[in-house]
């Protein structure tokens, strides 16, 4: 007795069944809706990652400046590429040491290109000055650490705001440096003396 495969009970071949054009169009339509829902959160994730990356790079360079100041027993500064008086650090910064002890800061230890200005990311700063203290007056465009790892005596605190392109202060980052040189980072820039996001 022979056995027949591929036949239905009536003995006829069944044609292979695929997708109809309508089923394919519905599937594509649903895929576009799901992509449209996911896109805003994906964009938000990219912005958050970029701000976090910039914050970490800035903290790394600040810690390098402080540790090198202690190791060398000399002043080391993080200098804004836009100049010592500028509060806009978006164009980058460099870590430089005063190895000649003459205030020249000629030894560059590290450079950072800054943020993607074309995409409207920004880094802003503000130093809070103690008028009662003696010594050199600090500026918004340079964070100077002494050989003891502290900031200049007149700088009671230093703040950085790392801002997102969508200008959301609650999702931006803030770095605060105390006179002692201790640094902290937090999410949200409310209450920061540095220019807002």
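The values are calculated or read from the model by the stated rules, or taken from the named source; none is laboratory data. All values derive from a computational prediction rather than experimental measurement. Note that we place each Cβ from the backbone using ideal geometry, even for glycine, and neighbour counts take in every protein chain shown.
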If we take the range 56-134, then strands (runs of 3 or more DSSP E) inside it with 1 or more residues that are touching a residue at least 60 places away in the same chain (Cβ under 8 Å) are 76-80, 122-129
Within the range 29-67, the residues that are modelled with pLDDT under 90 and either more than 30 Å from residue 185 (Cβ to Cβ) or in contact with a strand residue (DSSP E or B) (Cβ under 7 Å, 6 or more places away or on another chain) (or both) are 29, 30, 31, 32, 33, 34, 35, 36, 37
Scanning the range 173-189 for residues that are out of contact with any helix residue (DSSP H, G or I) (no Cβ under 6 Å at 6 or more places or on another chain), assigned to a loop (DSSP other than H, G, I, E, B) and either crowded, with 16+ Cβ neighbours inside 10 Å or without any contact (Cβ under 8 Å) to a residue 24 or more places away in the chain (or both) gives 179, 182
